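Asks: Take this structure first; my questions come after.
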Amino acid sequence: DVLAALPATLKLTCLFEYRTRQSQASTSQDLFQSIYKYYYTMPPKKKANSSMKCKVAFHSEFQKPTSAQRRDALGDFPCAAIASGKSRKEMLERSAGVQPSLEARLDCKRGKVDALSDLNNKRLFVPTSRSETSFSTPEPVDKLDWLAQVPEEGQTYDDYLRLLTTRTTGRIKPLANAEGIDILLLPIIRSGDSKCKNTDGYEWPEHGPSIEKLVDYTRIFFDRPVSVLPAAALDVTSIDSCSKKKRKVASSVPGAFATASKRKFTLKFPTEEGNRQMSVQVAGRGDITSDRIQLQVTSLLDMLSSYRYGRHDKNEKDFCIMGITLEDLYDGPSDLFCAGMAFGGDKCAIFSFARYHPLIKMHPEKWWHYGYADESDGYSYYEDDDQDPVGLSQTPFVISSHQRQMESEFLRRSCKLLTHELGHLYALDHCIHNRCLMMGTGHLVEDYRAPTHLCGVCLRKLCWRTGFDVTMRYKLLTDVFTNMGLDKESKWAKKQYEALNNIDN
């Protein structure tokens, strides 16, 4: 009912559904699946004069948390919930048995810290004064902003425990997938792509973000092993020549394609031996004028979910599979594009970095109409007064290592997308209490200015689930941010680490 009442201009939607998988769940709560679907549009380019900005109200049904509610969202200290007892301890002990601890990755003499006691140490989850994550969620500045469109309810620390544990015994629910440890990344690449390079046994397009750095960052962020599976190959063949003639589709719907041709999209999943022998058909669309394609995201997710359950029978340590690609995605016929989608209960997701390239310029309504500029101005859409610019490259540029600023920006955008969506697979909902990585976004401008870090509330949730050492995590994040050239993020993480380390000493 809430979604039905939203205006037609809504481009960010959070949908929840029950998908009956009796083999995985026995109650209606266990059948709960969270599907996070992202449609993006772009607001008009903001002028330099800030006085021209008009005030935009929150959604009429959204209740902004008060200062007291923001404090209470962090939960009690020490945690009084039964969920912090035996069941959680057993879950973390199983995790520790199959992975190195955070301390083992550091050359330091600090003694091992009990993650269970970290959970009850309030100072670990209160950021330094005037830190980015210490401020409340920003008010909307555009009618397409997230909280101007969505009446988000938010999720407190106690809400999180109630979602993943039983009320009376604190038993971990199947939704948490407590047995799963490993995060698996599955690259999806076009067959015969000459711009794919083979690195450490896997393939990834050269114009994409560094997959090695994405793996390193994700491993530290969640304190979980991260592996890259052999790539799944996408075959695209045209069937126009042997069936019907190319057709033109008249449409005035923004995002709908004006010219189309029938294509056949075949996805070949890797087997345990690394061979691509498991072939499935997925949905997609193509444009005959530009020869560009988009893959239908729910079709991909259905196949990815089946692939994961097939693997899970033999690999119980798998926590989730994240499909990553530089192929463009969409969901509905009127979509401009879709950044990705996650099936929370199925523990699988698919996301595209295609529209996160720092040099991309795109039409706000025609999905196939985009190109790549020589320089980046931070705004990914065509200028308001020039909707058909000339001189754009039709193929993405490879960002070389000496273009450090653009390389770092590509990594920043991609890391935020990857860790935000993995946060959803760990059952973290959108955050309305503080400026946080887990805030929702309604368009790319809002997405790019969102924080890279978790606020204290979401940090405590993830600490409950994975049991990392908060102080050591900040130290490792400082190093990995520095390696990626993200100086602002590195300084922030270093400030948190030094503040906590000084107190410890």
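The values are calculated or read from the model by the stated rules, or taken from the named source; none is laboratory data. All values derive from a computational prediction rather than experimental measurement. Note that we place each Cβ from the backbone using ideal geometry, even for glycine, and neighbour counts take in every protein chain shown. Accessible surface areas use protein heavy atoms only, side chains included; no ligands, DNA or RNA. Shrake-Rupley method; radii C 1.70, N 1.55, O 1.52, S 1.80 Å.
Asks: Within segment 339-356, track down each residue that is part of a strand (DSSP E or B), modelled with pLDDT of 90 or more and touching a helix residue (DSSP H, G or I) at 6+ places or on another chain (Cβ under 7 Å).
Replies: Just the residues of segment 339-356 that are part of a strand (DSSP E or B), to begin with: 339-343, 348-352.
Going one step further and asking which of them are modelled with pLDDT of 90 or more, we end up with 348-352.
Passing the criteria: Cys348, Ala349, Ile350, Phe351.
Asks: What are the pairs, 6+ residues apart or on separate chains, where a residue within segment 133-148 that is free of Cβ contacts under 8 Å to residues at least 12 places away in the same chain has its Cβ under 8 Å from a residue that is open to solvent by 30 Å² or more (accessible area, probe 1.4 Å)?
Replies: Nothing qualifies.
Asks: Would you kindly identify the strands (runs of 3 or more DSSP E) lying entirely within segment 185-277 that contain at least 2 residues that are modelled with pLDDT under 90? Talk me through it step by step, then tell me what you get.
Replies: Numbers: elements: 196-199, 202-205, 226-228, 232-238, 263-270.
Result: 196-199, 202-205, 232-238, 263-270.
Asks: Still on this structure, I have one more. Condition check: in contact (Cβ under 8 Å) with a residue 60 or more places away in the chain, closer than 30 Å to Tyr379 by Cβ, part of a helix (DSSP H, G or I) and not charged (D, E, K, R). Does Leu462 satisfy that?
Replies: Working: in contact (Cβ under 8 Å) with a residue 60 or more places away in the chain: yes; closer than 30 Å to Tyr379 by Cβ: no; part of a helix (DSSP H, G or I): yes; not charged (D, E, K, R): yes.
No, not satisfied.
Asks: Which of the residues belonging to segment 58-79 are among the aliphatic types (A, V, I, L, M) and either outside any loop (DSSP other than H, G, I, E, B) or open to solvent by 100 Å² or more (accessible area, probe 1.4 Å) (or both)?
Replies: Ala68
Asks: Pick from Ser393, Ser400: which is touching a helix residue (DSSP H, G or I) at 6+ places or on another chain (Cβ under 9 Å), farther than 20 Å from Ala339 by Cβ and modelled with pLDDT under 95? Please lay out each step first, then the result.
Replies: Working: Ser393 fails: touching a helix residue (DSSP H, G or I) at 6+ places or on another chain (Cβ under 9 Å).
So the residue among Ser393, Ser400 that is touching a helix residue (DSSP H, G or I) at 6+ places or on another chain (Cβ under 9 Å), farther than 20 Å from Ala339 by Cβ and modelled with pLDDT under 95 is Ser400.
Asks: Residues of segment 309-321 being out of contact with any Asp or Glu (no Cβ under 7 Å at 6 or more places or on another chain) and either assigned to a helix (DSSP H, G or I) or at pLDDT 85 or above (or both), which ones? Quick ask: steps written out before the conclusion?
Replies: To start, the set of residues in segment 309-321 that are out of contact with any Asp or Glu (no Cβ under 7 Å at 6 or more places or on another chain) comprises 309-310, 313-315, 320-321.
Scanning segment 309-321 gives Tyr309, Gly310, Cys320, Ile321.
Asks: Turning to a different aspect of this structure: Just for segment 387-432: of the residues that are surrounded by 23 or more Cβ atoms within 10 Å (Cβ to Cβ) and more than 16 Å from the chain's Cα centre (by Cα), which one is farthest from Gly371 (Cα to Cα)?
Replies: Filtering first and then ranking leaves Ile432.
Asks: Still on this structure, I have one more. Cβ-Cβ distance below 8 Å, separation of 6 or more or different chains: which pairs start in segment 351-379 with a residue that is more than 21 Å from Leu295 (Cα to Cα) and end on one that is of a type in the set (Lys, Arg) and open to solvent by 40 Å² or more (accessible area, probe 1.4 Å)?
Replies: Listed pairs, sorted by first residue: Tyr379/Lys45.
Asks: Kindly evaluate Glu409 against the criterion of being in contact (Cβ under 8 Å) with a residue 40 or more places away in the chain, acidic (Asp, Glu) and closer than 23 Å to Asp335 by Cα.
Replies: no
Asks: Within segment 357-364, is even one residue surrounded by fewer than 21 Cβ atoms within 10 Å (Cβ to Cβ), in contact with a strand residue (DSSP E or B) (Cβ under 9 Å, 6 or more places away or on another chain), assigned to a loop (DSSP other than H, G, I, E, B) and modelled with pLDDT of 90 or more?
Replies: Yes, that holds for at least one residue.
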